[in-house]
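What follows is a single structure, written as structure tokens, with notes after it.
The values are calculated or read from the model by the stated rules, or taken from the named source; none is laboratory data. Because the structure is a prediction, the values reported are computed rather than measured. Cβ: placed from backbone, ideal geometry, glycine included. Neighbour counts: every protein chain shown.
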Amino acid sequence: MTRFRAPATTANLGAGFDVAGAALDLWNELELTEGDGADESHLGVHAFSVYASPADFKFEWTDRIPRARGLGSSAAIIALGLVAGAWAAGVEPSVEELLEAGLPLEGHADNLAPALAGGVCLTWDGHIARVADDLPGLPIAVIPEESLSTAASRQALPDAVPREDAVLTVARAALLGASIASSDARLFAASNEDRLHEPYRAATAPHLLELRSDLPEGALGATLSGSGPTVIVWAEQDISDELRSRYPQHEVLALRVSADGAARTPED
């Protein structure tokens, strides 16, 4: 038996729409053993088959990442399949080669890149820049019960936005990059605003606007995680108890940015 794991991810980080993402220390796992029984319609098995035939293997999946909540559950499953398939085939593709192989299945790189590479990643034209191990704030996920598909969320986005909204978002994206490079919490807090996608998705995540208008003490800011509905509250310390008190109907998880991406789990 060989084990693999892949992390949850939070994409966009506010103004880094379709570009920025970070891995989180919440993990899906795969146990791979010799034998029959692979469901070849499973997304992870489909990813595995990019590198190796799944016919001679049995797959046991452990899903801890909530599905369709904006935490990269599908990216984690694809990343697991890719790294397990590469291992089974005895090949060692680069992270960018894994990304290229997985994009036809995932569609967007901002979740898949950090799921594969770990840490904080920027993506463009099929390339990955892994720019940091961490971010200046502690990520605390506020996760509603309701699920939301990425496709449905994207339908809410307009074809064009006002120039002033585009200018503001570009400015915040520059602050985001500067805050990552300098590990500056003040700059990171200032970057937590977007007008390209978040305003149009806020209807599915009303707690985003509530939190931004009344941040708990110790919070730096809040961003929609991917397409939502999960919101990440970035904080100077663990304020998850305060958030549970505010949102008893939601799951609240105090997480950390993970420097590790999808990989084979070392044997004990």
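Below are the figures for this structure:
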{"read-out": "Residue 39 vs. criteria under 28 Å from residue 255 (Cβ atoms) and among the acidic types (Asp, Glu)", "value": "no"}
{"read-out": "Among (1) within 24 Å of residue 112 (Cβ to Cβ); (2) of a type in the set (D, E, K, R); (3) in a helix (DSSP H, G or I) - the single one residue 194 does not satisfy", "value": "(3)"}
{"read-out": "Candidate set: segment 102-119, residues that are touching a Gly at 6+ places or on another chain (Cβ under 9 Å) and small (Gly, Ala, Ser); chosen: the one surrounded by the fewest Cβ atoms within 10 Å (Cβ to Cβ)", "value": "119"}
{"read-out": "Segment 5-23: number of residues that are assigned to a strand (DSSP E or B) and either on the phi > 0 side of the Ramachandran plot or surrounded by fewer than 24 Cβ atoms within 10 Å (Cβ to Cβ) (or both)", "value": "1"}
{"read-out": "Any hit, segment 181-188, residues being buried (at least 16 other Cβ atoms within 10 Å of the Cβ) and within 23 Å of residue 115 (Cβ to Cβ)", "value": "yes"}
{"read-out": "Conditions (1) in a helix (DSSP H, G or I); (2) under 16 Å from residue 138 (Cα atoms); (3) in contact with a Ser or Thr (Cβ under 9 Å, 6 or more places away or on another chain); (4) not aromatic (Phe, Trp, Tyr): number failed by residue 211", "value": "(3)"}
{"read-out": "Boolean, residue 84 is in contact with a helix residue (DSSP H, G or I) (Cβ under 8 Å, 6 or more places away or on another chain), closer than 17 Å to residue 264 by Cβ and among the small types (Gly, Ala, Ser)", "value": "yes"}
{"read-out": "Out of 49, 41, sole residue that is over 28 Å from residue 143 (Cβ atoms) and among the hydroxyl-bearing types (Ser, Thr, Tyr)", "value": "49"}
{"read-out": "Test: residue in segment 68-80 that is free of Cβ contacts under 8 Å to residues at least 60 places away in the same chain, of a type in the set (Lys, Arg) and closer than 30 Å to residue 177 by Cα", "value": "no"}
{"read-out": "Some residue of segment 141-151 being touching a Ser or Thr at 6+ places or on another chain (Cβ under 8 Å), assigned to a helix (DSSP H, G or I) and surrounded by 14 or more Cβ atoms within 10 Å (Cβ to Cβ)", "value": "yes"}
{"read-out": "Selected residue (criterion: modelled with the highest pLDDT) from residues of segment 197-208 that are aliphatic (A, V, I, L, M) and part of a helix (DSSP H, G or I)", "value": "208"}
{"read-out": "Test: residue 83 is at pLDDT 95 or above, among the β-branched types (Val, Ile, Thr), farther than 28 Å from residue 198 by Cβ and not in a helix (DSSP H, G or I)", "value": "no"}
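Table: residues versus (1) within 20 Å of the chain's Cα centre (by Cα); (2) not polar (S, T, N, Q).
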residue: 173; (1), (2): yes, yes
residue: 188; (1), (2): yes, yes
residue: 199; (1), (2): yes, yes
residue: 209; (1), (2): no, yes
residue: 230; (1), (2): yes, no
residue: 236; (1), (2): no, yes
residue: 252; (1), (2): yes, yes
residue: 263; (1), (2): yes, yes
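Here is a yes/no grid of residues against (1) within 21 Å of residue 9 (Cα to Cα); (2) surrounded by 13 or more Cβ atoms within 10 Å (Cβ to Cβ); (3) in contact (Cβ under 8 Å) with a residue 24 or more places away in the chain:
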position	(1), (2), (3)
121	yes, yes, yes
126	yes, no, yes
156	no, yes, yes
161	no, yes, yes
167	no, no, no
194	yes, yes, yes
